[in-house]
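First comes the structure, then the notes that go with it.
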Number of protein chains: 2
Amino acid sequence: MLTDIEISRQASLQPIESIATAFGILPHELSPYGRTKAKVDLAITNRIKDNKHGKLVIVTAVTPTPFGEGKTVTSIGLTQGLQAIGKKSCACIRQPSMGPVFGIKGGAAGGGLAQVVPMEDLNLHLTGDIHAVTSAHNLAAAAIDARLYHEQRLGSDAFREQSGLAPLDIDPDKILWRRVVDQNERSLRTITVGLGEVNGPVHQGGFDISAASELMAILALSRDLKDLRARIGRIVLAQNKQGDYISAEDLGVAGAMTAIMSQAISPTLMQTLSGAPCLIHAGPFANIAHGNSSIIADDIALRLADIVVTEGGFGSDMGFEKFCNIKTRQSGNAPDAAVLVVTVKALKSHDPQAGSEMDKLAAGYANLSWHINNVAKYGLPLVVSINRFAEDTQEELDWLKARVLQEGVFACEVCEAFSQGAEGAAALAEAVVRATEQPSQFRYLYETKQSIEAKLLTIAEAGYGASGISLSDKAKTQLAQLQRHGFDKLALCIAKTPMSVSHDPKLKGAPQGFELPIAELKLNAGAGFITALVGKVMTMPGLGIRPGYLNIDIDEQGEITGLA
Amino acid sequence: MLTDIEISRQASLQPIESIATAFGILPHELSPYGRTKAKVDLAITNRIKDNKHGKLVIVTAVTPTPFGEGKTVTSIGLTQGLQAIGKKSCACIRQPSMGPVFGIKGGAAGGGLAQVVPMEDLNLHLTGDIHAVTSAHNLAAAAIDARLYHEQRLGSDAFREQSGLAPLDIDPDKILWRRVVDQNERSLRTITVGLGEVNGPVHQGGFDISAASELMAILALSRDLKDLRARIGRIVLAQNKQGDYISAEDLGVAGAMTAIMSQAISPTLMQTLSGAPCLIHAGPFANIAHGNSSIIADDIALRLADIVVTEGGFGSDMGFEKFCNIKTRQSGNAPDAAVLVVTVKALKSHDPQAGSEMDKLAAGYANLSWHINNVAKYGLPLVVSINRFAEDTQEELDWLKARVLQEGVFACEVCEAFSQGAEGAAALAEAVVRATEQPSQFRYLYETKQSIEAKLLTIAEAGYGASGISLSDKAKTQLAQLQRHGFDKLALCIAKTPMSVSHDPKLKGAPQGFELPIAELKLNAGAGFITALVGKVMTMPGLGIRPGYLNIDIDEQGEITGLA
């Protein structure tokens, strides 16, 4: 079989204007960026606001493995399959970060015959939204340090006199806003800034990957530009020496940050290999952020399509949980059905010593069962999709499907979108259509009016199967502070390893009886949630021993090679 | 008068496709980015390679002041004026950095009735080229630190075995590649990286502004994608513990860096307020880099236009010197004439104690005279353009013009493009056309085959009027090293203050008898020059006490306000 980038390159793409027109986007609502991608102007929302509301399907997966389970392959394949059976479908997915693209994973545009194309456009820059997030984020960081520098250099009175601004008296040891870069950059996790002769107060800082920026979360959760502006103003950047919060509005930088992001607010339209529309917007990771694409893109797609397919990153304990408890709570767009992606290979990996191949599969089944039960808590009709790999035997697939159907899920189908495109996802598409026609009983796992501790406990126990939680001293101090400032009625966004449903990547299958260790609590007042860092979670990945960038180059024709 | 952004917004822009067609760019050679800007595909170069070669005009200026002399206003105004008198003209200018946009300067798109529009597109992101430079640059930085980390963690033998790669044995204290960000970020000038538990060897590092990246210089100097790839491969990133240079090719990261920049290699077409074409490409600063837009844009424009107007940043000691000695040497496109921009206000600022307004003007004239003589060294027909401000008196303008004409320049005209657009630049345009019809005697100031010291001495004495040079111990060591590695036959790129023709911003007018202190020498093997840091020059600006970002916001209609 050809590589993903070869398939992408050989595809005969339609002009993006044709994709848009067929989807119901008018020419003046489209801003082309090259020939194969275009931004959709938010002015469209007013024109289509009374259109019929389509069905929303959320795609999630079992606990991921390094092999890749093909959640995006399934989302794109399903979108193509729905189109093939006569439904107007659209995929709403995230923009890939260049960190993993050059780190380990290669591209993130689906794969095989279920891809968003051209895949190199999706994987590199796209229409610049991640760059806008990075720039706006780092402008605030520069503004904090510049303000510290000038206030310290001049003293409060002279500063006030010379600048005409009220001193903020920021505490350099209580800066809550780190910097970001769209790279895997281990060595920037913890740094000291302000060294040298005249470069301002020396203090500790560090970089997260841009996908972890609160601005990225905000981009995905905003309703429009006005909402974006208001949320950015609410971001808490630091504390002053009296312990009060200092917001982006206080620093006078919220307007400029919004200006930098004023184009990023528009989703980008691309196409799948079959010519189905795909809206790409925002890219928060699901382990260290909320892991879902934008509300704006969903809102547009739902007014134009019969069925919209979106996905939450990593397993159902990660992006799916946050889709339900964070994104849906803010959007009001309750999902109509869920698809849970599983592979034979992933299940076998939970207990590689279990004996025969069938024994391994049976042993690992506990993980799938855990995720089926997890999705059930949210009251959604569930279709399990077995993403078929070439090495899977018919016996394995038959056993797995039969086993799944004993769980009372709505349906279970084998999906072969990777090797067969739309046709390979037709059965899945049929099942998903039927699932969305069921009455939805969607419900949240917790209520935001609960206390922070109660919400954490609910997520830990009801969400993960933990026996309880423990808070570090740091987290306890932060919790008290959040309560004191009245920020305790927000949703919780758990940052933890995706490699286990617990906090410990070594706990495979469906672990029980563990205590969830809350290391840190971080306010995201603009995004409207509190991030809880659980265990040893890193908000900045590192490059591996043989990073993906080694394979990437341009060829004699100037085409990019080695992306996947 | 309206503000720049109000004028920009009220302008009735032509679709960028119409601008392209009128200019001779075919629809399939154009990649629109929105409705008002488009990338020009490099495939065009082959089609137009036998077209007649237009005339090239380089715009420079006297020593700058904080008021702004209006060099870009003049370049854009001249382009509009040339169009108005029936010439096919094109401006080739740099992409503004967001550092100054949010720092002190506001937008950099010309001003008044001589603007590139829409100015907010030019000033924010444009088509993402600076972001691409920043990303590619920082990928190399991440690659260096990741390699250090893994080699140190495993030891050479285990590293070789596990990665299949030859150890590079990079010396963490001899990393020559800093990081970049497109911000004014004083506090990142000097940092310590790699702190924390497992984040790799701790060492000192720092950030420059993206405009100072060698990749930005390379983007402006490359002939095509293949040349870009080769130059990136040659970049020297670090030294190993034996003192040998380690290149981007050695680290295996050159291909991925090129892939990140593969769209950035195409210039961006925009329009002036009068609908003249403008190619925007690359953005190296003229104080800390070579300060000129791209060779690729010039090459395309010269095959499509009668006259191409480009500019070198800051005064003629800065961008113009580098235009002649670096860019022209690499491009082979010798300029046909030069325009030197001066303002009454700028000249008066050199000696504010000189008495009457006319006395101040006469006292400051020495600076203009210096720049006239400086341009003369390169053998170019020179037109002095007095950029008229509202407060200039007719007496001042008459005196200045008469004084200039005594110097033997080709012509001197008052330019009123700011307040009157094309019409206000018609006389200047006529003069420039006649100047380009003179025989050109263009010559370089120095030959690259001279030794590094001889080249530095020539630039200092013949270029700046210094009495000699002094090298710091650091510079001496670096010089010996460059010679040892065979990198002594490159051009020199002087990084120094633009606020004086010397290294000392306090030395106004036409200083003499100063010694030029060379603090540091930095190899730019990919760009093909050695940067000499002179005096206390910063490769990263800082935000001021009342930064530009305070004024910037979006209004009720979602339009950006406060950009200029």
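Odds and ends about this structure:
- 5 Å binning of all Cα-Cα separations within region B:129-256, expressed as whole percents from 0 upward: 2, 10, 19, 22, 20, 14, 8, 3, 1
- Nearest 10 degrees, 0 to 90: helix A:473-484 Cα axis against chain A principal axis: 80 degrees
- For peptide B:200-208, the mean count of partner chain Cβ atoms within 10 Å of a residue's Cβ comes to 3.
- Folded to 0 to 90 degrees: helix A:394-405 orientation relative to chain A principal axis, Cα: 70 degrees
- Restraint check, A:39/B:39; A:37/B:37; B:474/B:536; B:327/B:508, Cα-Cα greater than 19 Å: B:327/B:508
- Spatial separation of Cα centroids for region B:373-440 and region A:386-426, in angstrom: 77 Å
- Straight-distance crosslink candidates among aspartates and glutamates, where the alpha carbon sits under 13 Å from residue B:522 and sequence neighbours closer than 8 are dropped: B:214, B:488
- Averaging Cα coordinates gives a centre for region B:200-246 and one for region A:506-564; these two points are 27 Å apart.
- What you get for the protein assembly as shown, charging only the Cβ of Lys and Arg (+1) and of Asp and Glu (-1), is a dipole of about 400 debye around the Cα centre.
- Fraction of the pair-distance distribution of the protein assembly as shown above 39 Å, Cα-Cα pairs, percent: 48 percent
- In nanometres and ascending order, the distances from the residue B:166 label point to those of the other copies are 6.4 (point 7 Å from Cα along Cα→Cβ).
- Subset of A:345/A:401; B:87/B:345; B:449/B:506; A:377/A:449 violating a 25 Å alpha-carbon distance limit: B:87/B:345; B:449/B:506
- Likely footprinting exposure, B:208, B:224, A:398, B:553, fewest C-beta neighbours within 10 Å first: A:398, B:224, B:553, B:208
- Loop-located trypsin sites (Lys or Arg not before Pro) across region B:385-484 with a Cβ neighbour count of 10 or fewer within 10 Å are B:449, with loop assigned by DSSP.
- Arranged from fewest to most other beta-carbon atoms within 10 Å of their beta carbon, A:4, B:555, A:473, A:244 become A:473, B:555, A:244, A:4.
- Annotation for region B:112-199: GluC sites (Glu not before Pro) lying in DSSP loop with at most 15 further Cβ atoms inside 10 Å of their Cβ are B:197.
- Across identical copies of the chain, residue B:152 has label-point separations of 2.6 nm, listed in ascending order, with the point defined 7 angstrom from Cα along Cα→Cβ.
- Inter-copy label distances at residue B:451, using a point 7 Å along Cα-to-Cβ, come to 7.8 nm with the shortest given first.
- Folded to 0 to 90 degrees: helix A:357-376 orientation relative to chain A principal axis, Cα: 60 degrees
Laboratory data are not the source of any read-out in this text; all were calculated from the coordinates shown. Because the structure is a prediction, the values reported are computed rather than measured. Here the Cβ is made from the backbone with ideal geometry for all residues, glycine too, and neighbour counts use every protein chain on show.
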